[in-house]
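Here is the structure we will look at, set down as structure tokens.
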Ligand SMILES: NC(=O)C1=CN([C@@H]2O[C@H](COP(=O)(O)OP(=O)(O)OC[C@H]3O[C@@H](n4cnc5c(N)ncnc54)[C@H](O)[C@@H]3O)[C@@H](O)[C@H]2O)C=CC1
Ligand SMILES: NC(=O)C1=CN([C@@H]2O[C@H](COP(=O)(O)OP(=O)(O)OC[C@H]3O[C@@H](n4cnc5c(N)ncnc54)[C@H](O)[C@@H]3O)[C@@H](O)[C@H]2O)C=CC1
Ligand SMILES: NC(=O)C1=CN([C@@H]2O[C@H](COP(=O)(O)OP(=O)(O)OC[C@H]3O[C@@H](n4cnc5c(N)ncnc54)[C@H](O)[C@@H]3O)[C@@H](O)[C@H]2O)C=CC1
Ligand SMILES: NC(=O)C1=CN([C@@H]2O[C@H](COP(=O)(O)OP(=O)(O)OC[C@H]3O[C@@H](n4cnc5c(N)ncnc54)[C@H](O)[C@@H]3O)[C@@H](O)[C@H]2O)C=CC1
């Protein structure tokens, strides 16, 4: 695996720069939807024929669903190797589906701090997590793949000459560069680090989505972690600690701790504010609190927050969910969900770790801030949608 | 059974007037809490010794738990006879517990339009549904029992003389009348009529709480009926019809239809307004809607509302709950929950039907409106609780 | 003046029935907008030529603006006679403008309990108060005017024969009846009765909009009455009494008491619920309360509510507004705004008083409930507007 | 003037360290309240007698009110010199009053990026801005004054010896050190930079509170800047631009741009989330928006935000307010309020500029995070105040 390299642009977005051509691409798709599957096959074929040096990796389920569809070898994340090894193989990830597919792709890297950059496509309707339209997949993938290739390399490429990396390099891609020479822009969406502990303080099953084994370390969530009464018809009672201090006892359907990215997901439905993904913060938002005075809170990203099931929930089991997936086991009185914001770090070589690096769309240069957030608010979420008849 | 008679007082509250002394009292209690059980026994003993002509009825579960505790015979709602017969036996009901116990007592009459008057006691903390402190049980029950007894009867009673009804009458109660001569004041809390229908329009299992049999008619809820995603981690999609017209498609955790009584329960947690129980209305309140523009609605009480599980919820089963109890079966795509407000009617003899007649507290005559609602808002719900240090 | 007669239809809407042909129509318009003025002239000319027996009344301001535009005599509400006499002359009112114009028309009758029926037209965009499109003015006015004319009268009319009422009767209207024979449907929007009292309990200037004289009785509001800090940069402190009982002390920008009609106006902006106009209720909604626990309340329509400026607002004057118009004088510490819901009454002859009778649109008979409310929620207010890209 | 020096503590709070003893203290007080004035005199006398080398500076209004109360000379911020010079004289500031007094003290430095550290006392009730109780003024001021004095200096001081700075140094303070040797902890509350521009883009009157002169540069707000319809009874229409991009057109009572510090002030009343003061962000919160879908937004602190009065507000003037004070002139159509978050910077000598450095209370060492925020939420704001009877 090769860690991608970033440079800061205007203090907000990063510019992707591959030190050498990426080699392994993980293709993720939304399951069960025929039209998605078709497009997925088209996309994979395009990758294979245009970028012959790239190896294609599929999830086992997808591989077995589609093994007859491809005339070329694909790799799978072998079921033996845990997801924890995936991040060492994958250089870049693409998703085809909606926000849920991006969340799922991110969950494949939920146990590691390094997540390869993600380029996400949607069919039809756009989601909110900054997706690209499938129709533009050729240009988008090319810019992603070529991002940060030096001028010389590009020239070679444009001239059709071979570079010294040989066939596996950028020069193997024929044709004109379709994008500009600047690198693809990256929004690092920071995640939550989540650990679950039993009443004696022992770490228990973390993220059943990714593995059967109880992880011995934190798992990461991109949107939120939630404790919810779920099928129990009664309120659940949760003690909330902030930075080790008792904050409050919540009687509610549940408690959400969300990232800014997740602020437009469940948090929004629960009445929380909408937070720009670059505000380093954690959101603490109750779901249907039995209180007139529980206002959502926004805390510094590095604040440790603990949700403890109160002993008043005798015998009852409530659920823990991350990014829309339930953990296999619920939690009972005394158990704790411990959360803090993942730190985004840059090592001395300039490489970043932490967060999910998402390739955002460039709409032709309205400044560093045009990350589609304002467009998403207005276009998708109908933010402050004006009253009056349809125009 | 004898239907109690009411008179209107100031157009808001009714005054309870027994045509002849009540004979059967149903005693309901919160389960599993030792201190409640103890008080319950004390209370039952008091009823038996002070009102010897009153028969005591218990729920089977309570009867078997306590059958050794009483030296006198008690009756149970025999398991054979459905709850539908209970309302023909019971003249008055008392509850010992919290709001949940009142809801449970009301659920015993959920299939009939007649509900006997309820006097509710709580241990320790008061709930919001207008309860009385257990400490005042002697006076409270006496006023309830004596309510509307004519002056003659009262005099006889106060003199210790026998009335013509004999031992079974009011005069059997020794001692001074502790209350005033006016009748106990009654707040009729109107309920929802709820029916559940499959995709072909056939009525299906209504209220599994009360009976195993599928009811062939509506059941009633005192707080609310709710459709909720429950253990399904995804949003559920509900089509809402008002008076037969399509209103909206809700994507949410759930949808609540609440009575004004229920406005301070789940509706409150979901962001709904607080509605005085005498405003004839239905509340339509979403739970965590995936929308920025779903404001709670309040509709006239007689508006038929239908919640239909959208066909977009393919394969998924969501739950239906009434007053905090889950129905045994969930609903799937195409099924409908049909709701409207119960009408409160008065027959030519002046007897009322409809709603749950709750005995409210009199605090010494501040006018007809003192129903404890304002006190409940301030004292219990901490409505508009002032900022600043504890005094 | 002749009071219009109504019959109940399905318990919700009334059907307008003129005992004899109406004679005086008040035409109200939005000021200052040229396109409105043009349409207004077209409309007045149509009324004059098609309904020659109808006298046209204008507000003085409008009359002087347009006195050259008409070749026929118009009447004005003479400045000497107060608005209190207007209701004795006017049989029906039409408005041309937006919601604000309807509110203004209603304010002309704010001191009387009888308000003639209102037919409201809007140019371009519809408002929320059930307006008609100006394009349909001919049919709409005809149905309004003819509403409830008996079959005989209609026949005569259709045959072009003279009826015995002579030229001033319905038969003077030439041409085919464009509408059905059922009466125009009426939604009576109930109002607030508002009185303002100084610290000694004396009634002070009520509604400066309508008259210079201090009214000696209540004035009425259709949307809401509001106390607001206005240009004072500090919070105002208001004591709220419900039915004579102290409810709470609000520290806020202001306090709104709203009708259900007004629930979609300022109340909506302040976070209140949306209430159907037929729910007999009053809404108590704070504007920017300095509290985490001030939830909007809905009270029975006949509850007296008092807002008293707390003595803590020493020296400061805050404003009182009704339906978007400020009262000329503000209120200071100790003063009270006393409000209750107007009662809607029917006398023995079947005539109604109370509320503003608004002619609602019939969209072809989807049942009594189709009052445009659901359509207004969806079409105008974008209630629960779905997420996703524009279709 | 000497800029105080800070060190970082745990990445959150700073530790105050005077390079040499501070010389000039500005004493600010709440006006008009006799009990505050009395305590103020006591406090000033204490400062004078205990810290003889400290010069006391008063605002002109306070100086003239109290000039007879002091037997020693005090200095005033001469009316000639603008507030812009004050920051060069004042080493430290104390306030006596409430949150409003702190806001006022901060406003004296609203035109400069350097604000001297503030120690705030309140009488009676605490406010939310981290105040100290007046009762503890001796210890609090001493710790503030001594903060970061080296061990040697402290010893000298404790021994009563003279240091080389002579009488003007720390050693002049008699008695035992009451506090620990660690420095006073500082929370830098970041401010907004605000500029107001006319329709042609010329800067106009900035902050009328501080000076009559039109400032030629931005002014700073600690809580918020607000555009508000004020005494105009109609909605105002504001175009909002984020980072140069059109975000939305708000029809509302007003628009607030708030700091995290201000999140518990007007923003809270308007329904915004509560943001910890250390989350680098700006809050965009509408006041009573005429929309169902205007959710408060939280943006990165360095986002430029522009509020422009829409040309649809023809002729109308709306108000601009900062921290509870109205600007002398309102704004009309086309004018813009331009805001961004102030940057907090540290120079090479380790000195900070930007923000209002507030001395926070130490409650005995529960870690770096105990800044009173959690206590303020619970104790003052009654955050998630539990239902149930008073205990
Ligand atoms: N009542 C609610 O609002 C609920 C929301 N969710 C959210 O759904 C997420 C999982 O997504 P799916 O698997 O697709 O579940 P899903 O099929 O229940 O759909 C959730 C919806 O949220 C959208 N979404 C997801 N993440 C988003 C984000 N960061 N910003 C804006 N929109 C976003 C999706 O596009 C989809 O429309 C969870 O992380 C949770 O945030 C889950 C359950 C209930
Ligand atoms: N997130 C929430 O707020 C939830 C609320 N509920 C409510 O709980 C009710 C059932 O009550 P329990 O069996 O005691 O369940 P529970 O043990 O979950 O307690 C619900 C709480 O609501 C109170 N409550 C019930 N009815 C009320 C009313 N009409 N007004 C004010 N407070 C009321 C109870 O005193 C109790 O504190 C349901 O009808 C539903 O309204 C149920 C689940 C979740
Ligand atoms: N922040 C806010 O939401 C404010 C609202 N208002 C409302 O404006 C009303 C006066 O209207 P205008 O003179 O036109 O003032 P305006 O020119 O300020 O417009 C108020 C808006 O509210 C609409 N509106 C009025 N009554 C309505 C109703 N019952 N339901 C739905 N929408 C309604 C109007 O069509 C207009 O769009 C007042 O009664 C008050 O309710 C007034 C000031 C501020
Ligand atoms: N409806 C509302 O909530 C209004 C709020 N205000 C706020 O008042 C502030 C000015 O304060 P005063 O001159 O004392 O005006 P004021 O006398 O109107 O009182 C405002 C209240 O807000 C409190 N407050 C001020 N700043 C705060 C903060 N950062 N966090 C928590 N509470 C805070 C004060 O202690 C006081 O209780 C403005 O900056 C504005 O935020 C001003 C007008 C209306």
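A compact table of results
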read-out	value
Qualifying residue in the range B:371-383 (condition: farther than 30 Å from residue D:123 by Cα and free of Cβ contacts under 8 Å to residues at least 60 places away in the same chain)	yes
Some residue of the range B:176-189 being at pLDDT 95 or above and in contact with a helix residue (DSSP H, G or I) (Cβ under 9 Å, 6 or more places away or on another chain)	yes
Residues located in the range A:285-325, provided they are in contact with a strand residue (DSSP E or B) (Cβ under 7 Å, 6 or more places away or on another chain) and free of Cβ contacts under 8 Å to residues at least 12 places away in the same chain	A:295
Test result for residue C:129, more than 16 Å from ligand 4 (Cβ to nearest atom) and either within 14 Å of chain A (Cβ to nearest Cβ) or modelled with pLDDT of 85 or more (or both)	yes
Segments classed as strands (runs of 3 or more DSSP E), wholly inside the range D:1-75, with at least 1 members that are surrounded by 16 or more Cβ atoms within 10 Å (Cβ to Cβ) and either within 14 Å of chain A (Cβ to nearest Cβ) or on the phi > 0 side of the Ramachandran plot (or both)	D:13-17
Enumeration of residues in the range D:114-132 that are outside any strand (DSSP E or B) and in contact (Cβ under 8 Å) with a residue 24 or more places away in the chain	D:114, D:115, D:116, D:117, D:123, D:125, D:126, D:127, D:128, D:129, D:130, D:131
Residue check, residue A:347 within 17 Å of residue A:188 (Cβ to Cβ), more than 14 Å from chain D (Cβ to nearest Cβ) and either within 16 Å of ligand 3 (Cβ to nearest atom) or at pLDDT below 95 (or both)	yes
For residue A:10: the one exception among (1) more than 30 Å from residue A:264 (Cα to Cα); (2) over 22 Å from the mean Cα position of the chain (by Cα); (3) modelled with pLDDT under 95	(1)
Residue check for residue A:193: at pLDDT 55 or above, within 14 Å of chain C (Cβ to nearest Cβ) and surrounded by 13 or more Cβ atoms within 10 Å (Cβ to Cβ)	no
Residue in the range D:370-380 that is more than 16 Å from ligand 4 (Cβ to nearest atom) and either surrounded by 19 or more Cβ atoms within 10 Å (Cβ to Cβ) or at pLDDT 95 or above (or both) present	yes
Conditions (1) part of a helix (DSSP H, G or I); (2) within 18 Å of residue C:56 (Cα to Cα); (3) at pLDDT 90 or above: number failed by residue C:135	(2)
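Table: residues versus (1) touching a strand residue (DSSP E or B) at 6+ places or on another chain (Cβ under 6 Å); (2) modelled with pLDDT under 95; (3) more than 16 Å from ligand 4 (Cβ to nearest atom); (4) within 18 Å of residue B:129 (Cβ to Cβ).
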| position | (1), (2), (3), (4) |
| --- | --- |
| B:37 | no, no, yes, no |
| B:40 | yes, no, yes, no |
| B:45 | no, no, yes, no |
| B:49 | no, no, yes, no |
| B:66 | no, yes, yes, no |
| B:89 | yes, yes, yes, no |
| B:104 | no, no, yes, yes |
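Residue by residue, here is whether (1) under 30 Å from residue B:259 (Cβ atoms); (2) more than 16 Å from ligand 2 (Cβ to nearest atom); (3) out of contact with any helix residue (DSSP H, G or I) (no Cβ under 6 Å at 6 or more places or on another chain) holds:
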| site | (1), (2), (3) |
| --- | --- |
| C:258 | yes, yes, no |
| C:298 | yes, no, yes |
| C:318 | no, yes, yes |
| C:323 | no, yes, no |
| C:330 | no, yes, yes |
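The values are calculated or read from the model by the stated rules, or taken from the named source; none is laboratory data. Since the model is a prediction, treat every value here as computed from it, not as a measurement. A quick note on method: Cβ atoms are made from the backbone with ideal geometry, for glycine too, and the neighbour counts reach across all protein chains shown.
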